[in-house]
1. Can you tell me the order of 88-96, 102-110 when each peptide is scored by its average per-residue count of other Cβ atoms within 10 angstrom, highest first?
2. List the GluC sites (Glu not before Pro) in region 127-175 that DSSP assigns to loop (not H, G, I, E or B) and whose Cβ has at most 16 other Cβ atoms within 10 Å. Which are they?
3. List every residue whose amide H lies under 5 Å from the amide H of LEU260, counting only residues 5 or more places away in sequence or on a different chain, with H placed 1.01 Å from N in the peptide plane.
4. What does the highest-first list of 111-118, 225-232 look like by mean Cβ count within 10 Å?
5. Along region 90-106, what does the Karplus equation 6.51 cos²θ - 1.76 cosθ + 1.60 (θ = phi - 60°) give for ³J(HN,Hα), rounded to whole Hz, x for Gly and Pro?
6. Is region 41-125 rounded, prolate or oblate when judged by the Cα gyration tensor, a ≥ b ≥ c being the square roots of its eigenvalues, rounded requiring a/c under 1.5 and prolate requiring a/b larger than b/c?
7. For region 54-101, what is the convex hull volume of the alpha-carbon atoms per residue, in Å³?
Amino acid sequence: MGITNLAKLFRFPTVLRFKEGSCVTIGNFDGLHLGHRFIINKVVEKAHQFSLVPLVVSFYPHPQKVLKHKELPRPLLSRFEQIKLLKEWRIEVLYLCRFSKKLYCLTAEQFLEEVLIQKLNVKHLIMGEDSAFGKKREGTPDVVRKLCQQKGIAFEEIKLIRKEGGSKYSSTRIRSLLLEGKVELVKEELGRLYTVRGRIVKGAGRGRNLGFPTANIYTNQLLPKTGIYACWITFNGEKLKGAVSLGFRPTYQDTDEPILEVYIIDKVFQEELYSAKVN
């Protein structure tokens, strides 16, 4: 990864000593739901108030994959869409830390000093009430507040916004809703339609033989419950109506592989679209 034309994306250990300083929040932000957006809006607000660079620090691969050596659930959001949304929400920089056991072993104070201060010139740090960083997640908001006071950095803890009934926005809940096929409730959690980004690949051609040519989409994102859904499909600047069929097919290893098949209502599917990236 490098700098993209959607947002500035940098990888650790790049040094970005912003002269004006940065306003930072930290997290994996899988899904970028409304709870995440509330925190990110605060980052942008404070950055503009104090003439700082609004910046998000995230990690790759996911910390649990490194520490627990297990496959994680499929992501809710592609990196492309994550950058696109952050740009739309007026974040200027996504700083991606390659997560390793060495990084994990940094104490909260070391991470604050070696990454946030020395590399990103943080002047204002914002954390959600349930977030933490540093070895064994020792850097809770209470701990980090004291560290920031010692180092002359403004600190703000954000109380999580709650839905009616008191529950919080959650990526775990979004996953459960998707697997139940409740896409309208997912939209309420995200504040937008759930989007899958993938590449068009060749299928068996059965749809074309039946007079309904379809596009088979390969993606590593989490897919909803099997069934048929209405959708929009966008590629090459076009937004078209479509119908999605989600199911499984056996592979040569006798395992079930999810398959996403889209019938484009507004346009005849063309062979040259193979390998195109679509949403």
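1. Descending mean neighbour count gives 88-96, 102-110.
2. GLU129, GLU138, GLU164
3. Amide H neighbours of LEU260, under 5 Å, 5+ apart: ILE217.
4. Values: 111-118: 19.1, 225-232: 13.5.
Put in order of decreasing packing, that is 111-118, 225-232.
5. 6, 7, 8, 9, 10, 9, 9, 8, 6, 6, 9, 5, 5, 5, 4, 6, 5
6. Values: a/c = 3.03, a/b = 1.25, b/c = 2.41.
Taking the square roots of the gyration eigenvalues as a ≥ b ≥ c, region 41-125 is oblate.
7. In region 54-101, the Cα hull volume divided by residue count equals 70 Å³.
Rule-based calculations on the coordinates, nothing more; no lab input. Everything numeric in this text was worked out from a predicted model, so none of it was measured. Cβ: placed from backbone, ideal geometry, glycine included. Neighbour counts: every protein chain shown.
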